[in-house]
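*Asks:* Got a structure here, written out as structure tokens. Questions coming.
The values are calculated or read from the model by the stated rules, or taken from the named source; none is laboratory data. Everything numeric in this text was worked out from a predicted model, so none of it was measured. A quick note on method: Cβ atoms are made from the backbone with ideal geometry, for glycine too, and the neighbour counts reach across all protein chains shown. Only protein heavy atoms, including side chains, enter the accessible area calculation; ligands, DNA and RNA are left aside. Shrake-Rupley method; radii C 1.70, N 1.55, O 1.52, S 1.80 Å.
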Protein chains: 4
Amino acid sequence: MVERGGTTMPARDVRVALLGYGYWGPNLARNLHLRLGVEWAACVDPDPARLAEVAHRYPWVRTCRDAEEVLADGAIDALVIASPARTHADLAARALRAGKHVLVEKPLALSTADAVALAEQADASGLVLMVGHTFEYNPAVAKMRALLRSGDLGELYYLHSQRVNLGRIQRDINALWSIGPHDVSIANHLVGAAPRWVAARGARYLHTDVEDVVFATLGYDDGVLAHLHVSWLDPSKLRRTTVVGSRRMVVFDDLDSEAKLRVYDKGADPVGVGEFGEYQFRLRAGDLHVPRTDLTEPLALELDHFLECVATGARPRTDGWNGVRVVATLEAAQQSLDKGGQQVAVPADWDRDGDGAAA
Amino acid sequence: MVERGGTTMPARDVRVALLGYGYWGPNLARNLHLRLGVEWAACVDPDPARLAEVAHRYPWVRTCRDAEEVLADGAIDALVIASPARTHADLAARALRAGKHVLVEKPLALSTADAVALAEQADASGLVLMVGHTFEYNPAVAKMRALLRSGDLGELYYLHSQRVNLGRIQRDINALWSIGPHDVSIANHLVGAAPRWVAARGARYLHTDVEDVVFATLGYDDGVLAHLHVSWLDPSKLRRTTVVGSRRMVVFDDLDSEAKLRVYDKGADPVGVGEFGEYQFRLRAGDLHVPRTDLTEPLALELDHFLECVATGARPRTDGWNGVRVVATLEAAQQSLDKGGQQVAVPADWDRDGDGAAA
Amino acid sequence: MVERGGTTMPARDVRVALLGYGYWGPNLARNLHLRLGVEWAACVDPDPARLAEVAHRYPWVRTCRDAEEVLADGAIDALVIASPARTHADLAARALRAGKHVLVEKPLALSTADAVALAEQADASGLVLMVGHTFEYNPAVAKMRALLRSGDLGELYYLHSQRVNLGRIQRDINALWSIGPHDVSIANHLVGAAPRWVAARGARYLHTDVEDVVFATLGYDDGVLAHLHVSWLDPSKLRRTTVVGSRRMVVFDDLDSEAKLRVYDKGADPVGVGEFGEYQFRLRAGDLHVPRTDLTEPLALELDHFLECVATGARPRTDGWNGVRVVATLEAAQQSLDKGGQQVAVPADWDRDGDGAAA
Amino acid sequence: MVERGGTTMPARDVRVALLGYGYWGPNLARNLHLRLGVEWAACVDPDPARLAEVAHRYPWVRTCRDAEEVLADGAIDALVIASPARTHADLAARALRAGKHVLVEKPLALSTADAVALAEQADASGLVLMVGHTFEYNPAVAKMRALLRSGDLGELYYLHSQRVNLGRIQRDINALWSIGPHDVSIANHLVGAAPRWVAARGARYLHTDVEDVVFATLGYDDGVLAHLHVSWLDPSKLRRTTVVGSRRMVVFDDLDSEAKLRVYDKGADPVGVGEFGEYQFRLRAGDLHVPRTDLTEPLALELDHFLECVATGARPRTDGWNGVRVVATLEAAQQSLDKGGQQVAVPADWDRDGDGAAA
């Protein structure tokens, strides 16, 4: 519980406003505070009680109930948007229009069309638009990706993840849109592309129109599958992603403080050809390796990246098009949910620039 | 590693032959030995090396390569069939025809038609036909079922399971038929019926025609879902079933020696009605309880049950019709796999007697 | 990582200064900030770099390098002392002399004589002197104590603890004085008294005059033993206390987020008398129960208690005499270390008031 | 639960009798059966019920109540002694006198004098005398020892172990003699010698004359310490040994099926000299490595070694003198227990041949 002693100063001062001090906002606030000090200048929330909390904790921060106030403030360079998901697209568009750099929490939007419009708007404006896909800044995920890219894992077969817990039941978006962006973002990031198709099934127990639990399968090129299980109605807190390659297999357990990443030297190696011409396999189960990973809070790394992009004009790793790929995947999954699990294609024609991150 | 001191003697002597001393056979042999001593009379396997191993370990056991020899032996009362899955139906039918009681490893058959025929044949013969659905003899599963039946868990919402590992890659059946019977049997047993429909997706990596990993969703009455994840190409050994009820939630982790069963006093309780007429919920996270469960090896309990049924003429809890319900579920899952994940109905017209076990 | 939304306001405003912003100070600062806002008025540290860090994070806090400045400031009501252990006694004495209430980190002093002098000084002054024995504010420890007091655990047999890790190697105090105060404080708190004697052995690997690892046995009345293992040279982070009673046994694992406290219905029950007149025992291994415990950070509860005592004049639960009992135990352990493990009595004549905490 | 398929045949047939079919005997029986088949010829136990159990399980084995019967049987080559500890020395001496090779369970004897006499008797007789220190045949322990010998761990600092559980409460020997031989044997094996001194403290709760829990410190040459905690009155089953070296640290957790051995690239590295001439240290926490270890049951490896020694005349790795070193350590620990924890020297003059195992 000891906090990091050092303070990272951005290349030049950036004055930031935070929009939304609800569930996730306080985490952003804490990190903005540590990074920016008094340059974290303003906070917007419609709830006076939340603003009073901000005023108590961060007495120098200007609090206001209306986003318009900070959008109109020429002294504010950038907005961090942590408002409810349904407001992301509109707030981000208005912020870009007002000439502000934007870091928006996931999902970037609730429709692919909105997400594409935002990505195009950002490209046209020359402003930074970054999506808060925190796990793409997680050192353990970066290590997994590096193991894949280097060929250490061999050929990628499939991955599966469980992100379940009892908690944060939502009313206006289902578990897919609430929890799923993390897993879709991780899967896309590891594979280096959006999936070609999605199939999803879920179930509604608490409300008649909101899925509490969703199982989704994402089909990528070359037969690579990703399977997601998200739920806010589960007894155990699990945050686990397993990546199965032909040479090695990796488990990323975000809750395991000693062994966040387990790299298994395991596999089924072809050893010959059977009497009917098929391959025969021998199991290999060697050592288990737990590479040390940087324990810096990924959210801190994400904010550092955003501030650096703002300062230098660089394109963020999780830019608008990255956000589009996640939203398009979720939208296809939602359509599959609505059609009882039928396989739905993920459109790709918006992806004119390819996956910069995968390059 | 200390073995059970006591020996359970069956009500009357039953002379048994074991068919198949391959992967699972040695476990049956060990238990037959402890239960029956020299009344475990014969063992059949086509492989002389396996028979030599039997002769070494159990010098009193008659070994033979052809099942016909024990089928024709009037001194043999019962057969335990642990041969490859594709041979189950034929061997069981021949055994019943020869007037032997039969315990057959799961799956009972590879088609519903074969399974129904066997169940009918057993009913007509008056002989015991029991399927080796071991988990239905597992004290932890029995405890879960009791918690459900008593209402302690509240309304059943859904369950999900993972049974994955690196190992026992098969050539003639896929992971669904190899590993899935356990989870289908557990789910059917807990719900008390077969599902109405199944949808399954999988992937083939090692061979072009055998799924190494399968994800399946089983739809039961009243919106109850069961989701299975089976794989023989996974780094971690997991054998975990989670049952989510409205009042309590249970995790059964067969590999956790201290806490096989975790009963969570957790849930989302309705606390009122919101402005749009929908229920509102409050999270409840109370104590966690680990009921003590009998640690007797489930296979030993299963064999005891079989021997008792043979001795008393009672119908086994996992009778032929129970086996039919599992096979019909797997068959529908296979059809769904073949149709790219499309939802497939599980036929129910063979189920003339209802689920005796659920009564 | 979501922070507590609510802010606890003390009964009346108390202006506080923090002395020491080194290893532990930032945790106190974070909590002072949340509790007091701008009433956390000043911070003292000899290191300008640390003060710059404070100024960045908490811009309203007055920073100064000399404690004298805040001691002389009539507007400061209370001091929180988190300076190096060797300075505790002197700073606390000066603070009381200056009329300030004092919360001092453990250990209260490095000698029993100093600790007694402080406790007497506080009693004479009417000011609050509280020692930061955090674990006595830990809800899980409180629950263990309640289980003991209620008789649920039966007769207390013994307890043992491991508090080991690689880290925070110190130069001026050994592992006993650095880590041991936690375990001594927990043991005294559970038993309700100081031990009668102590024996300790340790070893020095990094420096020739500082023990990196210490094993200590504390002998309480009625044959109750507590065994401590502390080390800053160990691969695994362990923070575990086991309490063995005649009826039940408890494990407190501070690092287990799901099951911090495990209450085992286990024991060896007398079942008769053997042929030589001795008792015979039957093992009992029943359910395991994990009571829900409040997850509030113990340090927050500790600070709340201090602020309330300051506001109301109440005697803190971990008052100076409580601190004396811990220091006297550590001093005896140190003497035992110096004498090669010989048993050393813990003096008790200073304990004129009995164990207030145990009442 | 799948048993090993293969059967190891000893170099030449050895006919073996087992003495004692109580707590541990069945494990030896199971392995004798797998290794020797019908060459496991006889079993002795005074309890007719235990003999009946043997007759049921192993119908070819001759059962008898008196050891004299097998001692006098010229067709028996070797005895495996698993009788109560107090009978070990006498039975082993009689067996050697009768010209039999002997594998005796630990402890070899209850006094150093008896142990030395046995070792000398074996040396004089030319017969194999081996002590069942199972952990010296455990592949994970062998790996730890190899890491130490190769210098991978750097300089050995200390080791500590916990072997606690609720269970196997004994009446005629305390927890030190019942459980401690394992840890003493492991420690001696890793260090490569017996300790110079021992200090032990314990407590008696169930009986007035038998320690249920013992804490012991073993002092080896070069300041190496080993600390043992053994108890049969503890809620958690722990079997854990931690070895701390200057370069790496290892945890051996015998109950962790996936990571029995964890090798931590951790340490405190000297980085310079401080202002007072003392070393300064920097913490290093690198990767964690879990080397694959052979999962063969150590008892099987132990028996194989015994049978091979009998067949070839080789001196077993855990010969009589190895047993002497363990007994001498335990005897010193017992004397320390009796003297209230006082440090007691371990005599070394019997060790005329040096530590063959350490060579």
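*Asks:* Return yes or no: is A:D172 open to solvent by less than 10 Å² (accessible area, probe 1.4 Å) and within 20 Å of the chain's Cα centre (by Cα)? First the steps, then the outcome.
*Replies:* On the way: open to solvent by less than 10 Å² (accessible area, probe 1.4 Å): no; within 20 Å of the chain's Cα centre (by Cα): yes.
No.
*Asks:* Turning to a different aspect of this structure: Does B:A300 satisfy the condition of being within 14 Å of chain A (Cβ to nearest Cβ), in a helix (DSSP H, G or I) and among the small types (G, A, S)? Even if it seems obvious, please write down each step before you answer.
*Replies:* On the way: within 14 Å of chain A (Cβ to nearest Cβ): no; in a helix (DSSP H, G or I): yes; among the small types (G, A, S): yes.
No.
*Asks:* What number of residues in segment C:178-200 are under 18 Å from C:Q342 (Cα atoms) and either of a type in the set (G, A, S) or buried (at least 24 other Cβ atoms within 10 Å of the Cβ) (or both)? Step through it out loud before you land on a result.
*Replies:* Step one: of segment C:178-200, the residues under 18 Å from C:Q342 (Cα atoms) are C:195-200.
With the extra rule that they be either of a type in the set (G, A, S) or buried (at least 24 other Cβ atoms within 10 Å of the Cβ) (or both), the set shrinks to C:195, C:198-200.
Within segment C:178-200, residues that are under 18 Å from C:Q342 (Cα atoms) and either of a type in the set (G, A, S) or buried (at least 24 other Cβ atoms within 10 Å of the Cβ) (or both) number 4.
*Asks:* Can you tell me which of (1) at the interface with chain D (Cβ under 8 Å from one of its Cβ atoms); (2) at pLDDT 95 or above is the one C:Y279 doesn't meet?
*Replies:* (2)
Results for (1) at the interface with another protein chain (Cβ under 9 Å from one of its Cβ atoms); (2) more than 28 Å from A:F281 (Cβ to Cβ), shown as yes or no for each residue.
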residue	(1), (2)
A:I186	no, yes
A:A194	no, yes
A:V213	yes, yes
A:V224	yes, no
A:K237	yes, yes
A:E258	yes, yes
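*Asks:* Working only within segment B:135-160, note down all residues that are among the hydroxyl-bearing types (S, T, Y) and either touching a Gly at 6+ places or on another chain (Cβ under 8 Å) or buried (at least 24 other Cβ atoms within 10 Å of the Cβ) (or both).
*Replies:* Of all residues in segment B:135-160, those among the hydroxyl-bearing types (S, T, Y) come to B:137, B:150, B:157-158.
Answer for segment B:135-160, where residues must be among the hydroxyl-bearing types (S, T, Y) and either touching a Gly at 6+ places or on another chain (Cβ under 8 Å) or buried (at least 24 other Cβ atoms within 10 Å of the Cβ) (or both): B:Y157, B:Y158.
*Asks:* For segment C:192-203, enumerate the residues that are touching a residue at least 40 places away in the same chain (Cβ under 8 Å) and either of a type outside the set (G, A, S) or more than 27 Å from C:D152 (Cα to Cα) (or both).
*Replies:* Filtering segment C:192-203 down to residues touching a residue at least 40 places away in the same chain (Cβ under 8 Å) leaves C:192-202.
Correct list: C:P195, C:R196, C:W197, C:V198, C:A199, C:A200, C:R201, C:G202.
*Asks:* Here's another thing I want to ask about it. When you check B:A348 against the structure, is it within 24 Å of B:V80 (Cα to Cα), more than 14 Å from chain A (Cβ to nearest Cβ), among the aliphatic types (A, V, I, L, M) and within 20 Å of the chain's Cα centre (by Cα), yes or no? Give the steps one after another, and end with the answer.
*Replies:* On the way: within 24 Å of B:V80 (Cα to Cα): no; more than 14 Å from chain A (Cβ to nearest Cβ): yes; among the aliphatic types (A, V, I, L, M): yes; within 20 Å of the chain's Cα centre (by Cα): yes.
It is false that B:A348 is within 24 Å of B:V80 (Cα to Cα), more than 14 Å from chain A (Cβ to nearest Cβ), among the aliphatic types (A, V, I, L, M) and within 20 Å of the chain's Cα centre (by Cα).
*Asks:* For segment B:100-110, state whether one or more residues are under 17 Å from B:V326 (Cα atoms), part of a loop (DSSP other than H, G, I, E, B) and either open to solvent by 40 Å² or more (accessible area, probe 1.4 Å) or in contact with an Asp or Glu (Cβ under 6 Å, 6 or more places away or on another chain) (or both). Break it down into steps so the answer makes sense when it comes.
*Replies:* We begin by selecting, within segment B:100-110, every residue under 17 Å from B:V326 (Cα atoms); these are B:103-110.
Checking the rest, the ones that are also part of a loop (DSSP other than H, G, I, E, B) come to B:106-110.
Narrowing the set further to residues that are either open to solvent by 40 Å² or more (accessible area, probe 1.4 Å) or in contact with an Asp or Glu (Cβ under 6 Å, 6 or more places away or on another chain) (or both) leaves B:110.
Yes, some residue in segment B:100-110 is under 17 Å from B:V326 (Cα atoms), part of a loop (DSSP other than H, G, I, E, B) and either open to solvent by 40 Å² or more (accessible area, probe 1.4 Å) or in contact with an Asp or Glu (Cβ under 6 Å, 6 or more places away or on another chain) (or both).
*Asks:* Right, here's the next one. If you go through segment D:309-330, how many residues are outside any loop (DSSP other than H, G, I, E, B), crowded, with 20+ Cβ neighbours inside 10 Å and not basic (K, R)?
*Replies:* If we filter segment D:309-330 for residues that are outside any loop (DSSP other than H, G, I, E, B), which is where we start, we get D:309-312, D:319-330.
With crowded, with 20+ Cβ neighbours inside 10 Å added as a condition, the list becomes D:309-310, D:319-330.
Retained after the next criterion (residues that are not basic (K, R)): D:309-310, D:319-324, D:326-330.
Qualifying residue count for the region: 13.
*Asks:* Is there any pair with a first residue in segment C:23-40 that is more than 9 Å from chain A (Cβ to nearest Cβ) and a second that is of a type in the set (S, T, N, Q) and open to solvent by 10 Å² or more (accessible area, probe 1.4 Å) whose Cβ atoms are under 7 Å apart and which are 6 or more apart or on different chains, and what are they?
*Replies:* Close Cβ pairs (under 7 Å, with a partner that is of a type in the set (S, T, N, Q) and open to solvent by 10 Å² or more (accessible area, probe 1.4 Å)) amount to C:R35/C:T8.
*Asks:* Taking the stated definitions as given, is B:S231 hydroxyl-bearing (S, T, Y) and either more than 19 Å from A:R201 (Cβ to Cβ) or over 25 Å from the mean Cα position of the chain (by Cα) (or both)? Give the steps one after another, and end with the answer.
*Replies:* On the way: hydroxyl-bearing (S, T, Y): yes; either more than 19 Å from A:R201 (Cβ to Cβ) or over 25 Å from the mean Cα position of the chain (by Cα) (or both): no.
Here the answer is no, as B:S231 does not meet what is asked.
*Asks:* Can you find, within segment D:331-345, the residue that is nearest to the other protein chains (Cβ to nearest Cβ) among those that are of a type in the set (S, T, N, Q) and either surrounded by fewer than 23 Cβ atoms within 10 Å (Cβ to Cβ) or assigned to a loop (DSSP other than H, G, I, E, B) (or both)?
*Replies:* Step one: filter segment D:331-345 for residues of a type in the set (S, T, N, Q), giving D:334-336, D:342-343.
So of that shortlist, the ones also either surrounded by fewer than 23 Cβ atoms within 10 Å (Cβ to Cβ) or assigned to a loop (DSSP other than H, G, I, E, B) (or both) come out as D:335, D:342-343.
Numbers: D:Q335: 15, D:Q342: 8, D:Q343: 6 Å.
Residue satisfying both the conditions and the ranking: D:Q343.
*Asks:* Now for a different question. Of the residues D:F281, D:F306, only one is of a type in the set (F, W, Y) and either part of a strand (DSSP E or B) or at positive phi (or both); which? Steps first, answer last, please.
*Replies:* Details: D:F306 fails: either part of a strand (DSSP E or B) or at positive phi (or both).
Unique residue meeting the criteria: D:F281.
*Asks:* Mind telling me which of the residues C:M144, C:M130 ends up being within 13 Å of another protein chain (Cβ to nearest Cβ) and outside any loop (DSSP other than H, G, I, E, B)? Break it down into steps so the answer makes sense when it comes.
*Replies:* On the way: C:M130 fails: within 13 Å of another protein chain (Cβ to nearest Cβ).
Only one candidate passes the filter, namely C:M144.
*Asks:* Those residues that are among the hydrophobic types (A, V, I, L, M, F, W, C), within 23 Å of B:P235 (Cβ to Cβ) and in contact with a helix residue (DSSP H, G or I) (Cβ under 9 Å, 6 or more places away or on another chain), I need them from segment D:236-266; list them, please.
*Replies:* Hits for segment D:236-266 are D:V250, D:F252, D:L261, D:V263.
Conditions (1) part of a helix (DSSP H, G or I); (2) of a type in the set (G, A, S); (3) under 25 Å from A:G267 (Cα atoms); (4) at pLDDT 95 or above, marked per residue:
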site	(1), (2), (3), (4)
A:A115	yes, yes, no, yes
A:A122	yes, yes, no, yes
A:Y157	no, no, yes, yes
A:V184	yes, no, no, yes
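*Asks:* Among B:V80, B:V128, B:V70, which is the only one that is open to solvent by less than 20 Å² (accessible area, probe 1.4 Å), under 21 Å from B:E297 (Cα atoms) and at pLDDT 95 or above? I'd like the intermediate steps shown before the answer.
*Replies:* Details: B:V128 fails: under 21 Å from B:E297 (Cα atoms); B:V70 fails: under 21 Å from B:E297 (Cα atoms).
So the residue among B:V80, B:V128, B:V70 that is open to solvent by less than 20 Å² (accessible area, probe 1.4 Å), under 21 Å from B:E297 (Cα atoms) and at pLDDT 95 or above is B:V80.
*Asks:* Then there is this: Here are some residues: B:T329, B:T296, B:T318. Which one is touching a residue at least 24 places away in the same chain (Cβ under 8 Å), polar (S, T, N, Q) and in contact with a His (Cβ under 6 Å, 6 or more places away or on another chain)?
*Replies:* Numbers: B:T329 fails: in contact with a His (Cβ under 6 Å, 6 or more places away or on another chain); B:T296 fails: in contact with a His (Cβ under 6 Å, 6 or more places away or on another chain).
Of B:T329, B:T296, B:T318, the one residue that is touching a residue at least 24 places away in the same chain (Cβ under 8 Å), polar (S, T, N, Q) and in contact with a His (Cβ under 6 Å, 6 or more places away or on another chain) is B:T318.
*Asks:* Also, quick follow-up: Among B:D253, B:D287, B:D269, which is the only one that is of a type outside the set (F, W, Y), out of contact with any Ser or Thr (no Cβ under 9 Å at 6 or more places or on another chain) and more than 8 Å from chain A (Cβ to nearest Cβ)? Reasoning before the result, please.
*Replies:* Working: B:D253 fails: out of contact with any Ser or Thr (no Cβ under 9 Å at 6 or more places or on another chain); B:D269 fails: out of contact with any Ser or Thr (no Cβ under 9 Å at 6 or more places or on another chain).
Exactly one residue qualifies, and that residue is B:D287.
*Asks:* Could you grab me the full set of residues in segment B:52-72 that are touching a Gly at 6+ places or on another chain (Cβ under 9 Å) and among the charged types (D, E, K, R)?
*Replies:* Result: B:E53, B:R57.
*Asks:* Could you tell me how many of the residues in segment C:267-278 are open to solvent by less than 60 Å² (accessible area, probe 1.4 Å), without any contact (Cβ under 8 Å) to a residue 12 or more places away in the chain and either in contact with a helix residue (DSSP H, G or I) (Cβ under 9 Å, 6 or more places away or on another chain) or in a strand (DSSP E or B) (or both)? Lay out the reasoning, then the answer.
*Replies:* At the first step, the residues of segment C:267-278 found to be open to solvent by less than 60 Å² (accessible area, probe 1.4 Å) are C:267-269, C:272, C:274, C:277-278.
After this cut, where a residue has to be without any contact (Cβ under 8 Å) to a residue 12 or more places away in the chain as well, the list is C:272, C:274, C:277-278.
Still in the list and also either in contact with a helix residue (DSSP H, G or I) (Cβ under 9 Å, 6 or more places away or on another chain) or in a strand (DSSP E or B) (or both): C:272.
Of the residues in segment C:267-278, 1 are open to solvent by less than 60 Å² (accessible area, probe 1.4 Å), without any contact (Cβ under 8 Å) to a residue 12 or more places away in the chain and either in contact with a helix residue (DSSP H, G or I) (Cβ under 9 Å, 6 or more places away or on another chain) or in a strand (DSSP E or B) (or both).
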